[in-house]
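The values are calculated or read from the model by the stated rules, or taken from the named source; none is laboratory data. Note that the structure is a prediction, hence the values are computed from the model and not measured. Neighbour counts run over all protein chains shown; Cβ positions are idealised from the backbone, glycine included.
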Amino acid sequence: MTISLQYTHMTVTNPDEAIAFYRDALGLEVQNDVSNGDFRWVTMGTLSQPGLGIVLSEPHAGRSQEDGDAMAELLAKGVLPMINFSASDLDATFDQAVTAGAEVLQEPVDQPWGPRDCAFRDPSGNMVRVSQA
């Protein structure tokens with residue numbers, strides 16, 4: 001039996017801002033863009049990992065009003081789970097993210113537990129970490 005990750009979901013406040021950020025800061029591409037009423041689910045990914053996607057959606061997309069409100073509150077607090085990427089050139093990736101307007105949380109640094117990594121926030125406040133591959 002073989003199992004692999006296919007999608008992970010990220011809640012964002014504005015899908016268009018998120019698309020621009022993940023495209024310009026990290027080089028991801030839109031793989032799918034599905035609308036249903038007032039909401040969208042946008043899958044982004046990269047050719048280096050075919051079949052793996054990040055689905056971006058707003059807090060109320062596919063959720064009850066109560067659950068969407070709770071997600072929006074957690075997103076506003078910046079406490080939703082972070083996403084971690086690996087890059088072949090951390091410094092170039094960091095520079096590209098800064099140029100794209102990322103809010104820097106940590107410049108590239110060698111961590112005492114091993115990896116060299118950096119951290120920033122996307123336009124919705126989600127933490128994004130990138131480590132050297």
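Which of the numbered conditions does residue 84 fail, given that it passes all the others? Conditions: (1) among the polar types (S, T, N, Q); (2) in a strand (DSSP E or B); (3) surrounded by 15 or more Cβ atoms within 10 Å (Cβ to Cβ).
Residue 84 satisfies all of (1) among the polar types (S, T, N, Q); (2) in a strand (DSSP E or B); (3) surrounded by 15 or more Cβ atoms within 10 Å (Cβ to Cβ) except (3).
Output the residue which, of all residues in segment 32-46 that are of a type in the set (S, T, N, Q) and loosely packed, with under 14 Cβ neighbours inside 10 Å, is nearest to residue 128 (Cα to Cα). Lay out the reasoning, then the answer.
Restricting attention to segment 32-46, the residues satisfying the condition of being of a type in the set (S, T, N, Q) are 32, 35-36, 43, 46.
Add one more test, that the residue is loosely packed, with under 14 Cβ neighbours inside 10 Å, and what stays is 32, 35-36.
On the way: 32: 21, 35: 25, 36: 27 Å.
The selected residue is 32.
Search segment 98-116 for residues that are over 15 Å from residue 17 (Cα atoms) and without any contact (Cβ under 8 Å) to a residue 60 or more places away in the chain and pair each with any residue that is of a type in the set (D, E, K, R) and surrounded by fewer than 13 Cβ atoms within 10 Å (Cβ to Cβ) when their beta-carbon atoms are under 6 Å apart and the residues are at least 6 apart or on different chains.
Between residues of segment 98-116 that are over 15 Å from residue 17 (Cα atoms) and without any contact (Cβ under 8 Å) to a residue 60 or more places away in the chain and residues that are of a type in the set (D, E, K, R) and surrounded by fewer than 13 Cβ atoms within 10 Å (Cβ to Cβ), the close pairs are 116/110.
Please specify each residue of segment 58-74 satisfying the condition of being more than 25 Å from residue 30 (Cα to Cα) and either at pLDDT below 95 or in a helix (DSSP H, G or I) (or both).
If the condition is that a residue be more than 25 Å from residue 30 (Cα to Cα) and either at pLDDT below 95 or in a helix (DSSP H, G or I) (or both), then 65, 66, 67, 69, 70, 73, 74 are the ones that fit.
Give the number of residues within segment 87-108 that are touching a strand residue (DSSP E or B) at 6+ places or on another chain (Cβ under 7 Å), among the β-branched types (Val, Ile, Thr) and surrounded by fewer than 16 Cβ atoms within 10 Å (Cβ to Cβ). Talk me through it step by step, then tell me what you get.
To start, the set of residues in segment 87-108 that are touching a strand residue (DSSP E or B) at 6+ places or on another chain (Cβ under 7 Å) comprises 87, 90-91, 93-94, 97-98, 102-108.
The next check asks that each one be among the β-branched types (Val, Ile, Thr); those that pass are 93, 98, 104.
Pick out the ones that are also surrounded by fewer than 16 Cβ atoms within 10 Å (Cβ to Cβ) and you get 98, 104.
Summing the residues that are touching a strand residue (DSSP E or B) at 6+ places or on another chain (Cβ under 7 Å), among the β-branched types (Val, Ile, Thr) and surrounded by fewer than 16 Cβ atoms within 10 Å (Cβ to Cβ) in segment 87-108 gives 2.
Within segment 1-19, take every residue that is without any contact (Cβ under 8 Å) to a residue 40 or more places away in the chain and not hydroxyl-bearing (Ser, Thr, Tyr) and give me the one that is surrounded by the fewest Cβ atoms within 10 Å (Cβ to Cβ).
Our first condition is that a residue be without any contact (Cβ under 8 Å) to a residue 40 or more places away in the chain; within segment 1-19, this holds for 1-3, 16, 19.
Add one more test, that the residue is not hydroxyl-bearing (Ser, Thr, Tyr), and what stays is 1, 3, 16, 19.
Details: 1: 2, 3: 5, 16: 12, 19: 19.
My answer is 1.
Pick from 18, 102: which is among the aliphatic types (A, V, I, L, M), under 16 Å from the mean Cα position of the chain (by Cα), at pLDDT 95 or above and under 19 Å from residue 127 (Cα atoms)? Reasoning before the result, please.
Values: 102 fails: at pLDDT 95 or above.
Within the list 18, 102, the selection yields 18.
Cβ-Cβ below 6 Å, separation at least six or inter-chain, first residue in segment 23-42 and in contact (Cβ under 8 Å) with a residue 24 or more places away in the chain and of a type outside the set (S, T, N, Q), second buried (at least 16 other Cβ atoms within 10 Å of the Cβ) and part of a strand (DSSP E or B): which pairs?
From segment 23-42, the pairs are 28/44; 42/56.
Residues checked against (1) exposed (fewer than 13 other Cβ atoms within 10 Å of the Cβ); (2) in a strand (DSSP E or B); (3) on the phi > 0 side of the Ramachandran plot:
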residue: 30; (1), (2), (3): no, yes, no
residue: 48; (1), (2), (3): yes, no, no
residue: 56; (1), (2), (3): no, yes, no
residue: 76; (1), (2), (3): no, no, no
